[in-house]
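Visitor: The following block contains the structure, expressed as structure tokens.
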Amino acid sequence: MADSEKLNFLFKTRKTAIQRLIDNGYDIPKSEVSPDDFKKLFYKGLHHLYFPDIKINSEDEKEKGLLAYFEPNIKFDKKTFLSRLEYVTRQYNNPAKIFFATETANLTNKPKANMFVKNELEKHPHVTIWKDLYPFSITKNILFPTCKKLSKLEMDTFLDYSGIKKENLKKVEKEDPLSIQYGLENGDVIKIIR
């Protein structure tokens, strides 16, 4: 991929990452970066998304800081993961939530996270690896319905009101774009508005 194509791809992917953070319920401040400004940030190594004042846990004032780090290496093994985690923790003042966006959207043979990386992720619950981050947001497509991930209180209220048991709700596969976009975990409920 040529340098200008890569920059354009990363610029669009960065916008998608912001939308994914918003879809996951994070209160991301509005900030538009022009392609020229992004190019300057990229060459300074400052194109990552860092929000030091965002609270991750509303009950704990100390849990602040969110980082979306765009990993330049296609190979993301245990060694790369651990060295990158150490670097971003030190460089960005120990953020409470870290997302590694790996460059897989334009690859035909996508690498899978190996078992060593999966084992390390279990030790670091504040870290998520984003695969399949595209230069467009699926939620902006007119055919994609409006969705909202329900909080525990909203889910309990809905289940009580409707009389439906949680196990009778439709299931969404973990690899489904909806599940990926909203960061759904096992047991989460999403409201689809048509």
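Visitor: When all protein chains stay in place, what accessible area (Å², nearest 10, 1.4 Å probe) is found for VAL127?
Guide: 10
Visitor: Here's another thing I want to ask about it. FRET efficiency for LYS148 and ASN73, Cβ-Cβ distance as r, R0 = 30 Å, nearest 0.05?
Guide: Step by step, r from the Cβ atoms, then E = 0.30.
Visitor: Go through the range 160-165 residue by residue and turn each phi into a ³J(HN,Hα) via Karplus (6.51, -1.76, 1.60, θ = phi - 60°); whole Hz please, and just put x for glycine and proline.
Guide: 5, 5, 7, x, 8, 7
Visitor: May I pose another question? If you count only protein heavy atoms and use a 1.4 Å probe, how large is the accessible surface of THR157, to the nearest 10 Å²?
Guide: Here the accessible area works out near 80 Å².
Visitor: Sticking with this one: FRET efficiency for LYS170 and ASN141, Cβ-Cβ distance as r, R0 = 22 Å, nearest 0.05?
Guide: According to the calculation, E is roughly 0.60.
Visitor: Related question: For the range 112-177 and the range 1-49, what is the separation of their Cα centres, given in Å?
Guide: 23
Visitor: With a Förster radius of 25 Å, plug the Cβ-Cβ distance of LEU159 and ILE193 into 1/(1 + (r/R0)^6) and report the FRET value to the nearest 0.05.
Guide: Efficiency for this residue pair is about 0.90.
Visitor: Skip the ligands, DNA and RNA, and give the accessible area per residue of the range 1-96 with a 1.4 Å probe, whole Å². Let's see the in-between values first.
Guide: Numbers: 5970 Å² over 96 residues.
Here the per-residue accessible area is 62 Å².
Visitor: A further question on this structure: Run the helix sum for the chain: -39,500 (n - 2.57) per DSSP H stretch of 4+ residues, divided by residue count, reported at 222 nm to the nearest 500 deg cm²/dmol.
Guide: On the way: 6 runs with 70 residues, N = 194.
Per the formula, -11000 deg cm²/dmol.
Visitor: Also, quick follow-up: Using the Cα centre of the range 1-97 as the reference point, and only Cβ charges (+1 on K/R, -1 on D/E), how large is the resulting charge dipole? Debye, rounded to the nearest 20.
Guide: On the way: 18 positive and 15 negative charges, 73 e Å.
Approximately 360 debye in magnitude.
Visitor: Dipole of the chain, Cα-centred, from +1 at each Lys and Arg C-beta and -1 at each Asp and Glu C-beta, to the nearest 20 debye?
Guide: 360
Visitor: Additional query: Calculate, in nm to one decimal, what ASP3 and LEU82 gain on full extension: separation in residues at 0.36 nm each, minus their alpha carbon distance.
Guide: 25.7 nm
Visitor: Per-residue HN-Hα couplings for the range 126-138, Karplus 6.51 cos²θ - 1.76 cosθ + 1.60 at θ = phi - 60°, whole Hz, x for Gly and Pro?
Guide: Per residue, the Karplus-derived 3J(HN,Hα) values read 7, 10, 10, 9, 8, 9, 6, 8, 9, x, 8, 9, 5 Hz.
Visitor: Over every pair of different alpha-carbon atoms in the chain, take the mean of 1/r and invert it; report that Kirkwood radius in Å.
Guide: Evaluated over the chain, this radius sits at 18.3 Å.
Visitor: Ordering LYS39, LYS62 by accessible area with a probe of 1.4 Å, largest first, what comes out?
Guide: LYS62, LYS39
Visitor: Let me ask another. Dipole of the chain (Lys/Arg Cβ +1, Asp/Glu Cβ -1, origin at the Cα centre): which of ASN168, HIS124, PHE76 lies farthest to the positive side?
Guide: Ranked along the dipole, the leading option is PHE76.
Visitor: Hey, any idea what % of the range 115-194's accessible area is carbon plus sulfur with a 1.4 Å probe? Write out the running numbers ahead of the final one.
Guide: Details: 3500 of 6100 Å².
Looking at the range 115-194 in its full context, I get 57 percent from C and S.
The values are calculated or read from the model by the stated rules, or taken from the named source; none is laboratory data. Nothing here was measured: the structure is a model prediction, and the numbers come from that model. A quick note on method: Cβ atoms are made from the backbone with ideal geometry, for glycine too, and the neighbour counts reach across all protein chains shown. Only protein heavy atoms, including side chains, enter the accessible area calculation; ligands, DNA and RNA are left aside. Shrake-Rupley method; radii C 1.70, N 1.55, O 1.52, S 1.80 Å.
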